[in-house]
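The values are calculated or read from the model by the stated rules, or taken from the named source; none is laboratory data. Being a predicted model, the structure only gives us computed values, none of them experimental. When we count neighbours, we look across all protein chains shown, and the Cβ atoms used for this are built from the backbone with ideal geometry, even at glycine.
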Amino acid sequence: MIDSYGRRINYLRISVTELCNLRCKYCMPEKGIKKCSHNDILRIEEFLEIAKSFVNKGIDKIRITGGEPLVRKGVLSLIKGISEIEGVKDLALTTNGVFLKEYAKKLKEAGLNRVNISLDTLNENKYKHITNGGDINKVLEGIKEAKKVGLTPIKLNIVLIKDFNEDEIEDFINLTRDEEIDVRFIELMPIGELKYWALNRYLSNDIVLEKNKELIEIESQDKSSPAKYYKLPDGKGRVGIINPISCKFCDNCNRLRLTADGKVKTCLHSDDEIDIGKVLRNGENIDNTIVKIVKNKPKEHNLEQGDYINRTMTTIGG
Ligand code: SAM
Ligand code: SF4
C-alpha cells in the first residue's frame, strides 16, 4: 500500500493488551491505568481477522506488543494464526522479557521469528526501581532462552533516562562486542498522563555517540527502520540509535498501529484514530476501511509544537 506521500506502508504493530505485569515509571502510573471496558478489548479471533485483512492489502511485517503481550491469554494462538497467513514475511514480538523463559520455546513453535526485549538498566536494584518491582534475573534468563531457541536476531530496547542510565551506555554497547545482539537506545517520548515525567527526564541520544567515539556507522538494510546503526570495530552485534524527538523519521514511516481496543493509529503522536474493531463488529467492509486509513496517514507529527497525545503507551504498544 502506498500512502498520499508516496510511502510504502507494510508494517502493522498490534497491541494485544493494555495490561502489564510491570509499572515502568515512564510508561504506566504506579497504580495502573484506567482500563478500557472489557468488551472494547478485541478478542483473539478479532485481532486475527483484522490482521488477515491488513496482510491481504499489503502488510508483510507484524509486531505483537502491549502492555505486556505475554500476559494476554491466547497470545500463542494469535501468533500461530498470524504466522500461517500467506504473505507475512516477518513476525516479531516486543516484551519486557519477564515471562520469556517460560514462553520462548512455545513462541518459536507458534511461528514467531524474533523478539525485542526492553531492558533499561543492567543493575538489579535500578531495574527494580524503574519497573516498580521487577526482577531483572527473570529477564536475563528469558534472553538466554530466547537465544537458545533461535528467536533471533535479539534486540534490546533501552530507553535513555536522565539521571538514571546514562552511566550504563558503555556497558550496553559492550554487550555487542562478543554477541550478535542489537542494543538500541531510544529517546524518551512525552506520551499520555506521564508526559511531564518524560519531559523532565529526556536525554538526547547524541550522548551515545559522544560517550563512545569508537562506534562506526553502518548502512542499515532496512531503509524504513527508525534506527541508525553503528558497531564497534571488533563488535559482533550492532548499536542502534532511535531519535524520535531529536530527529524526525516521518519521511520513511511505514507503520500503522492497532490498539488493544480496536483502533488504528496512523501516527503514534496523533490522537486521530479509526475504530476498525467497530467496522469488524458491524460487519462492514474492512478492506475499504484500510484503504481509507492508509490514504489519511498524516505527513508528519507535530511533537516539536507540543502536540502530545492523551493515550497511554500501554494501549498503543510503542
Ligand atoms: N511491555 C512490552 C515492553 O516493555 O517491551 C511491550 C510494550 S512497551 C509499551 C513497548 C516499548 O515502548 C518498550 O520498549 C518501552 O520501553 C517503550 N516505551 C514506553 N513508554 C515510552 C516512552 N514514553 N518513550 C519511549 N519509549 C517508551
Ligand atoms: Fe509494561 Fe512495557 Fe510499559 Fe514497562 S514499558 S510498563 S513493561 S508496557
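Give me the pairs: first residue in the range 271-287 and closer than 23 Å to I191 by Cα and surrounded by fewer than 13 Cβ atoms within 10 Å (Cβ to Cβ), second residue of a type in the set (V, I, T) and at pLDDT below 95, beta-carbon distance under 8 Å, and six or more apart or on different chains, which are they?
Note: pairs meeting the criteria are D271/I309.
How about the range 70-111: which of its residues are small (G, A, S) and away from ligand 1 (no atom under 11 Å from the Cβ)? Walk me through it before giving the result.
At the first step, the residues of the range 70-111 found to be small (G, A, S) are 74, 77, 81, 83, 87, 92, 97, 104, 110-111.
Result: G74, S77, G81, S83, G87, A92, A104, A110, G111.
Quick one: count up the residues across the range 3-50 that are touching a residue at least 60 places away in the same chain (Cβ under 8 Å) and either outside any loop (DSSP other than H, G, I, E, B) or within 16 Å of ligand 1 (Cβ to nearest atom) (or both).
Residues flagged as touching a residue at least 60 places away in the same chain (Cβ under 8 Å) and either outside any loop (DSSP other than H, G, I, E, B) or within 16 Å of ligand 1 (Cβ to nearest atom) (or both) within the range 3-50 amount to 29.
Under 6 Å between Cβ atoms, which residue pairs at least 6 apart in sequence (or on different chains) link something in the range 67-80 that is part of a helix (DSSP H, G or I) with a partner that is at pLDDT below 95 and within 15 Å of ligand 1 (Cβ to nearest atom)?
Matching pairs, first to second residue: V71/L19.
Residues that are modelled with pLDDT of 85 or more, away from ligand 1 (no atom under 16 Å from the Cβ) and of a type in the set (D, E, K, R), at least 2 per element: which helices (runs of 4 or more DSSP H) completely within the range 221-318 meet that? Walk me through it before giving the result.
Numbers: elements: 276-281, 286-295, 313-316.
Once the helices (runs of 4 or more DSSP H) in the range 221-318 are filtered for at least 2 residues that are modelled with pLDDT of 85 or more, away from ligand 1 (no atom under 16 Å from the Cβ) and of a type in the set (D, E, K, R), what remains is 276-281, 286-295.
How about the range 62-84: which of its residues are surrounded by 19 or more Cβ atoms within 10 Å (Cβ to Cβ) and either over 22 Å from C20 (Cα atoms) or of a type in the set (S, T, Y) (or both)?
Looking only at the range 62-84, we keep the residues that are surrounded by 19 or more Cβ atoms within 10 Å (Cβ to Cβ), and these are 62-70, 72, 75, 78-79, 81-82.
Selection gives T65, G81, I82.
Of the residues R114, R63, only one is under 16 Å from the mean Cα position of the chain (by Cα), within 11 Å of ligand 1 (Cβ to nearest atom) and touching a residue at least 24 places away in the same chain (Cβ under 8 Å); which?
Going through R114, R63 in turn, the sole match is R63.
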